[in-house]
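**Student:** Pasting a structure here, questions to come.
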Amino acid sequence: MRLLEGHLGRCFDCEVLGSLAITASEDGTAKVWEVSGKCVRTLEGHADEVLRVAWAPPAIAEVAGAPLAATGGADGTARLWRHASELRRFACSDQVYGLAWLSEWLATASDRVRLWDVSKTEVVAEWAYDGTVFDLAVCAEAFPTLVACATSDGTLRVCDYRAPDVSATVAPPGRPTAVAWHPRGDRLAASGLGAAWVYDARTWRIEDTKEDHAEDARVYGCAWLAGSLVSWAADGTLALSEGRLIDLGFPIFHACAAPDQELLAVGGADAAGCVFVPLRNE
């Protein structure tokens, strides 16, 4: 396993784009790394913990002439960066718990969902549910207008951003903290206490339950990798396909796919944990 060393606190989020990775930390910074492990820049400016990161889509980066990254913080702002320079700042009314790109718009999740026109720093759409929005996911490939949310009232909400008042509502067996669309858009996964659940997006019935982690462990997130659901939890375990379980020894807050059949996992207890995990069985 290959470590990324440099943050001074736990890491909450990560994302890989080609040969670059970005991480978000409670030390108030985001860092950009080469996947080899070298830190190439530090994004400083948030007044509190950085909770979320998201690379901009290639079309936006092409116009900018460089990769662009968005960050969301506990200071109630989201920010757009080019290299180490802050380009835009978006004022949200609460901590930014979720970030996602919906084509050229940036979606933020806090006390409500907001879609931002990043070229003008303007809200183009917004809506709220009965509680804080912990996470959101966009079905970019199959149904790019659909937004799924995990909310603090214990439900999953799915809507078309063009008509957010009309939404599908489902209540998983445990309060959900994260959501993830299958690339085909026919399934939606959610994770919560002790488990991850897979919903059929046509009937909104549970078709599969993954209970790979400790029964009382908070499953912080899940993602689809090569058609299989991967999940990670507070007990320090990564649950991969075919029942494979990897114990990293620290709470895992997020994980994402990386080049060369690896997974980047981030978390930590008293300090940061950022590690590239090989997915091949050696």
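FYI, it's all coordinate maths here, none of it is from the lab. Because the structure is predicted, anything quoted here is derived from the model rather than measured. Because the Cβ atoms are built from the backbone with ideal geometry, glycine has one as well, and the counts that use them run over all protein chains shown.
**Student:** What trypsin sites (Lys or Arg not before Pro) does segment 16-76 have in DSSP loop regions with at most 11 other beta carbons within 10 Å? Intermediate values should be presented prior to the final figure.
**Tutor:** On the way: sites: LYS31, LYS38, ARG41, ARG52; in loops: LYS38.
Sparse-neighbourhood loop trypsin sites (Lys or Arg not before Pro): LYS38.
**Student:** Also, I was wondering about something else. Suppose only helical runs count, i.e. DSSP H with n ≥ 4. What mean residue ellipticity at 222 nm does that imply for the chain under -39500 (n - 2.57) per run, divided by all residues and rounded to the nearest 500 deg cm²/dmol? Don't jump to the answer; show the numbers that get you there.
**Tutor:** Values: 1 runs with 7 residues, N = 282.
Result for the chain, helices only: -500 deg cm²/dmol.
**Student:** Using Cβ counts within 10 Å as a stand-in for footprinting exposure, how do ASP216, ASP160, ASP235 rank, fewest first? Provide the component values of the computation, followed by the final result.
**Tutor:** On the way: ASP216 9, ASP160 12, ASP235 18.
Ascending Cβ contact count within 10 Å gives the list ASP216, ASP160, ASP235.
**Student:** While we're looking at this one, here's another question. Be a star and scan segment 70-108 for residues whose amide nitrogen sits under 15 Å from the point 7 Å along the Cα-to-Cβ vector of ALA47.
**Tutor:** 73-79, 89-96
**Student:** Further question on the same structure: ³J(HN,Hα) across segment 273-279 via Karplus (A = 6.51, B = -1.76, C = 1.60, θ = phi - 60°), whole Hz, x for Gly/Pro?
**Tutor:** Couplings: x, 9, 8, 8, 10, x, 8 Hz.
**Student:** Taking the Cα centroid of segment 208-270 and of segment 2-50, what is the distance between the two, rounded to the nearest whole Å?
**Tutor:** Centre-to-centre (Cα) distance: 19 Å.
**Student:** Could you give the Stokes-Einstein D for segment 1-126 in µm² per second, using the C-alpha Kirkwood radius, 4 °C, 1.567 mPa s? It would help to have the intermediate numbers written out before the result.
**Tutor:** Values: Rh = 14.4 Å.
Estimated diffusion coefficient is 90 µm²/s.
**Student:** Shifting gears a bit: Treat the count of other C-beta atoms within 10 Å as a stand-in for reagent exposure and order VAL179, VAL198 from fewest to most. Mind showing how you got there, number by number?
**Tutor:** Values: VAL179 26, VAL198 19.
Neighbour counts put them in this order, fewest first: VAL198, VAL179.
**Student:** For HIS83, HIS213, HIS254, what's the fewest-to-most ordering of other Cβ within 10 Å of each Cβ? Intermediate values should be presented prior to the final figure.
**Tutor:** Values: HIS83 14, HIS213 26, HIS254 22.
Fewest-to-most ranking of HIS83, HIS213, HIS254: HIS83, HIS254, HIS213.
**Student:** Tabulate in residue order the Karplus-calculated ³J(HN,Hα) for segment 175-192, using 6.51 cos²θ - 1.76 cosθ + 1.60 with θ = phi - 60°, rounded to whole Hz; enter x for Gly and Pro.
**Tutor:** Using θ = phi - 60°, the values come out as 4, x, 10, 8, 9, 8, 7, 5, x, 6, x, 8, 9, 10, 9, 9, 10, x Hz.
**Student:** Tell me the net charge near LEU264. Cut-off is 13 Å between Cβ atoms, LEU264 excluded, with +1 for each Lys or Arg and -1 for each Asp or Glu. Please list the in-between numbers first.
**Tutor:** Numbers: positive: ARG2, LYS31; negative: ASP13, GLU15, GLU34, ASP260, GLU262.
Once all neighbours under 13 Å are counted, the net charge is -3.
**Student:** Sum up the charges of everything whose Cβ sits under 12 Å from the Cβ of GLY243, counting Lys and Arg as +1 and Asp and Glu as -1, but leave GLY243 out.
**Tutor:** Details: positive: LYS210, ARG244; negative: GLU211, ASP212, GLU242.
My count for the surroundings of GLY243 gives -1.
**Student:** Another question, if that's okay. List the GluC sites (Glu not before Pro) in segment 183-281 that DSSP assigns to loop (not H, G, I, E or B) and whose Cβ has at most 11 other Cβ atoms within 10 Å. Which are they?
**Tutor:** Values: sites: GLU207, GLU211, GLU215, GLU242, GLU262; in loops: GLU211, GLU215.
Listed in order of number, the matching sites are GLU215.
**Student:** Can you give the percent of C-alpha pairs in segment 206-264 whose distance is more than 20 Å?
**Tutor:** Numbers: 303 of 1711 pairs.
Every Cα pair in segment 206-264 considered, those over 20 Å come to 18 percent.
**Student:** Another question, then. If you project the alpha carbons of the chain onto the principal axes, what extent comes out on each, in Å, largest first?
**Tutor:** Principal-axis extents of the Cα atoms in the chain, largest first: 48, 45, 31 Å.
**Student:** Considering only C-alpha atoms, what is the centroid distance from segment 137-176 to segment 62-97, in Å?
**Tutor:** Here the two parts' Cα centres lie 23 Å apart.
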